Amino acid sequence: MIKEKTVILGITGSIAAYKAADIASKLTQSGDKVEVVMTEPATRFISPLTLRGITGWPVVTSMWELSSEFSIEHVALAEAADIVVIAPATASIIAHLAAGMADDMLTCTVLATKAPVIIAPAMNDNMFANPITQENIEKLKARGFIFIEPAYGRLASGKTGKGRLAEIDKILGTIRKVLGRCGDMAGRKIVITAGGTREPIDPVRYIGNRSSGKMGYALAEAARDRGADVMLVTTTTCLPETTGMQVIDVATATEMKKAVTDAVKNADALVMAAAVADYRPENAATSKIKKDNAGLTLELVKTADILAETKGDFIKVGFAAESENLINNAKKKLKGKDLDLIIANDITDKDSGFGADTNKVTIIDKNGKVEELPLMSKREVADRVLNRVVGLIG
Ligand code: CTP
């Protein structure tokens, strides 16, 4: 599980400074303590009061005003940090750091900290592409600083180019991935599947199901946050992009089977949260089927059972989506597919059905132990499942 972390959020004088408020808000909502350090130019773009209101902590804007909790030494913030994130980072702060110049509270904090430092640049495209900026970035990267590439898009100048602050979810994902390095899944490789497969009928239609992929994504993010190397095999295209993991996009059960077979090499665990079609049209029509006939019969053939057929020296976890006889049906699948754990959920319950953000599951293990969990968020369910996986990996 993630413990509360102290994140030092450095904000510098860029038009993207307002986006730092969103970063601070999301980190605070996930239970992290966010200490904001702003350069003087940053305070011209966004008020320290906004950040103070969001984080609940005093905001440091100069060497001479100190956060309430810390001692008089300006290195106290640096020592308290689990991670330092500069977002947005201007060309100027990057140059100062590359030159080892400690001339304000932010540069002092960065140079004094032993915590990992993430830098998310935001600037004019020419400034970013300038060889001086690039050399500074390379120099800092060689020293272990982690850079999040700026995005391509509309810039403050009205031009389009590479220099926009990276997407907030990408920054948050990178923070989680870096913080997870010391987690209880560090060094472990886990393969997770998500979403419902789509079996083509013709170039337009397919046989699908109502899986949203949310449970699989929650598992993938939870595993990443605990330090695992995550491979997410997904059919889902409508959930926000994830960061800090390898994502393999598939559509059909056949494609998912191939991706899983390749991915499980050297894996410690496979968790199949995907809703895989049990049948697919034998032959997908190559052109659109016209409605010329009164009826239409589709010839369906069985797909491979990915979970049952994927074997190896790793922990195997399945999900059992049931509308009746929950525990008995789940136990049959646990045995039939030779699983270590099965997560049973009642799909008729609206709070834990397809598409919900919450889930109510029962975890059953090989020894017949049945752990019934109350209704909780899919993220919490993910962490409860991973607690068991970590215990099994040993
Ligand atoms: N599964 C799989 N390959 C399939 C079907 C299911 O790997 N062709 C996996 C699912 O990802 C899930 C588990 O097997 O982890 C159970 O899936 P579920 O749909 O509940 O059961 P089925 O085995 O398909 O049986 P049934 O549809 O008859 O309940």
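What the table shows:
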item: Gain on full stretching of the segment that runs from Glu371 to Val247 - 0.36 nm per residue minus C-alpha separation; result: 41.6 nm
item: Ser92-Arg205 pseudo-label distance in nm [points 7 Å out on the Cα-to-Cβ vector]; result: 6.2 nm
item: Helical mean residue ellipticity (222 nm; -39500 (n - 2.57) per DSSP H run of 4+; nearest 500) of the chain; result: -9500 deg cm²/dmol
item: Distant alpha-carbon pairs in the range 6-179 (separation over 30 angstrom), percent; result: 9 percent
item: Relative contact order of the chain, defined on C-alpha pairs under 8 angstrom at six or more residues apart (%); result: 11 percent
item: Cα-based Kirkwood hydrodynamic radius, the range 192-277, one decimal, Å; result: 13.0 Å
item: In sequence order, calculated HN-Hα J values of the range 297-307 (Karplus, 6.51, -1.76, 1.60; Hz; x Gly/Pro); result: 10, 9, 8, 10, 10, 5, 8, 6, 7, 4, 5
item: Pairs from Lys177/Lys369; Lys257/Lys332; Lys316/Lys378; Lys265/Lys366; Lys33/Lys214; Lys258/Lys333 whose Cα-Cα separation, in the structure shown, is over 25 Å; result: Lys177/Lys369; Lys33/Lys214
item: Quarter of Cα convex hull surface for the chain, i.e. mean projection, nm²; result: 23.8 nm²
item: Top positive-direction residue, dipole computed over the range 185-393 with Cβ charges, set Gly244, Gly196, Asn293; result: Asn293
item: Nearest 10 degrees, 0 to 90: helix 253-263 Cα axis against the chain principal axis; result: 50 degrees
item: On Cα atoms only, tilt of 131-142 relative to the major axis of the chain in degrees; result: 70 degrees
item: Nearest-ten-degree value, helix 168-179 long axis tilted from longest Cα axis of the chain; result: 90 degrees
item: Whole-percent pair-distance distribution, where bins are 5 Å wide, for the alpha carbons of the range 91-132; result: 5, 20, 29, 23, 14, 8, 1
item: Full-extension gain in nm, Ala156 to Asn130, via 0.36 nm per residue minus C-alpha separation; result: 7.6 nm
item: Heavy-atom accessible surface of the range 6-179: percent carbon and sulfur, 1.4 Å; result: 55 percent
item: Candidate aspartates and glutamates for bridging to Lys5, where Cα separation is under 13 Å - those fewer than 8 sequence places away on the same chain excluded; result: Asp32, Glu35, Glu79, Asp82, Asp225
item: Solvent exposure of the chain as accessible area per residue, Å², 1.4 Å probe; result: 48 Å²
item: Accessible surface of the range 198-298 [probe 1.4 Å, protein heavy atoms]: carbon and sulfur percent; result: 48 percent
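The values are calculated or read from the model by the stated rules, or taken from the named source; none is laboratory data. This structure is a prediction, so every number in the text was calculated from the model and none was measured. Glycine gets a Cβ as well: all are built from the backbone with ideal geometry, and neighbour counts include every protein chain shown. Note: accessible area is taken over every heavy atom of the protein model, side chains too, but ligands, DNA and RNA are not part of it. Shrake-Rupley method; radii C 1.70, N 1.55, O 1.52, S 1.80 Å.
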